[in-house]
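S.K.: My questions all concern the structure below.
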Amino acid sequence: MGCRIMNTPIKPFIAPLVSQSELALALRHVEDMRIIAMGDSSVFGVGDHGNEISSVGFGWTGRIAHDLKAERFVNVAKNGARARHLPTNQLPAVIAYRPHMVLICIGTNDVLRGDFSPEEIRTCLETISKSAIEIGSLVVMLGLPDPIRTAPGPMSLRRILSDRVIIINEILDELAGDGLGIVVPTWNSRIAHERRMWHVDRMHPSALGHQHIADSVRRHLSLPRRSAKKIPTEVNVSKKFEMYWLITNGAKWFAKRSIDLVPALIWLMISENMRKRRSSK
């Protein structure tokens, strides 16, 4: 299954007269800012739960919209989304909304699957970036952190995921180099690996992590905070309840993903070990 595009005629991409960097600077003077967010569960706001661990909060994109006092903010991200889903399921909203800024983070669900395809990911992201830029939007793409430092699981698995994340980050850098957006890197973050930055599931940012991402993105774009106060990040949930939530909800997630994900990850670890043994001889 490749990157599915809407059934509309494909027209040549016309590069705008204003670069993405210049557009970012121009946003300093926009009072009625419109922001749209697209991507997966990390964009949707999972992990930013406040005192209700099962709820979904503002997320880093909503926190950016708050800090910049955006006039309008729309989040079309969806849990479990992959790069292939964005052009068909989320891009139409971007085109209709005509935002000043498009916030994107995608790829985590791609690196976890057996049919991981860098070519597909690049094609989908390129389609999204070109479409957004043609309507005058600033495209901001969030890079992925190093799974070796942040992900749960055995080191052999984290190394495989890390190799895939490197590929996705390289794709983002290539697109930015072609003028198709601005990348905010997280790979070398000094605090991304800290436990306080992560939700109990270790797959999504915590409320504090979401705010940290929001601050990093805003500062990378050199946009001053306009809000008088930030959205609170305090969480009053006991460790006991966190563990209960992780066990019950983690089992549901594992059962749902086990058909495709688990066999693929097991095979990836086996093949990687075989490759290392051959190279050591």
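S.K.: I want to verify the translational diffusion coefficient of the range 101-191 in µm²/s; compute it with Stokes-Einstein, Rh as the Kirkwood radius over Cα pairs, at 37 °C and 0.692 mPa s.
M.R.: 241
S.K.: Three principal axis extents, largest first, for the C-alpha atoms of the range 63-150, in Å?
M.R.: 40, 27, 19
S.K.: Step through the residues of the range 155-172 one at a time and calculate ³J(HN,Hα) from phi using the Karplus curve (6.51 cos²θ - 1.76 cosθ + 1.60, θ = phi - 60°), rounding each to whole Hz and writing x for Gly and Pro.
M.R.: For the range 155-172, the Karplus-derived couplings read 4, 4, 6, 5, 5, 5, 4, 4, 4, 6, 5, 4, 4, 5, 5, 5, 4, 4 Hz, x marking Gly and Pro.
S.K.: For the range 20-229, what's the relative contact order in percent, using C-alpha pairs closer than 8 Å and at least 6 residues apart?
M.R.: Numbers: 381 pairs, mean separation 55.2, N = 210.
RCO, the range 20-229: 26 percent.
S.K.: Oh, and also: Beta carbons within 10 angstrom, averaged per residue: use that to sort the peptides 104-113, 158-167, highest first. Working shown, then result.
M.R.: Values: 104-113: 23.6, 158-167: 18.7.
Ranked by mean Cβ neighbours within 10 Å, highest first: 104-113, 158-167.
S.K.: Could you pull out every residue, at least 5 positions away or on a different chain, whose amide H is within less than 5 Å of the one on ILE182? Hs are placed 1.01 Å off N in the peptide plane, and Pro or chain starts have none.
M.R.: Amide H neighbours of ILE182: VAL139, VAL140, MET141.
S.K.: Taking the Kirkwood radius as the inverse of the mean 1/r across Cα pairs, report the Rg/Rh of the range 20-229.
M.R.: So for the range 20-229, dividing Rg by the Kirkwood Rh gives 0.94.
S.K.: Quote the FRET efficiency, to the nearest 0.05, computed for ILE135 versus ILE167 with a Förster distance R0 of 30 Å and r equal to the Cβ-Cβ distance.
M.R.: On the way: r = 29 Å, r/R0 = 0.96.
Step by step, r from the Cβ atoms, then E = 0.55.
S.K.: Additional query: Which residue, chosen from LEU161, LEU172, HIS66, occupies the Cα position most advanced towards the positive end of the dipole of the range 20-229, where the dipole is computed from +1 (Lys, Arg) and -1 (Asp, Glu) charges on Cβ about the Cα centre?
M.R.: Looking along the dipole axis, the top candidate is HIS66.
S.K.: Where the only charges are on Cβ atoms (+1 Lys, Arg; -1 Asp, Glu), what is the dipole of the range 41-178 about its Cα centre, to the nearest 20 debye?
M.R.: My answer is approximately 320 debye.
S.K.: Along the positive direction of the dipole of the range 150-236 (beta-carbon charges: Lys, Arg +1; Asp, Glu -1; about the Cα centre), which of PRO152, LEU221, THR233 reaches farthest?
M.R.: The listed residue farthest towards the positive side: THR233.
S.K.: Still on this model: Just to check I understand the Karplus step: with θ = phi - 60° and J = 6.51 cos²θ - 1.76 cosθ + 1.60, what whole-Hz values come out for the range 103-118, glycine and proline as x?
M.R.: Karplus values, whole Hz, x for Gly and Pro: 9, 10, 8, 8, x, 4, 6, 6, 5, 8, 10, x, 9, 3, 9, x.
Only the coordinates and a few stated rules stand behind these numbers; no lab work does. Note that the coordinates shown come from a computational prediction; the quantities given were computed from them, not determined experimentally. Here the Cβ is made from the backbone with ideal geometry for all residues, glycine too, and neighbour counts use every protein chain on show.
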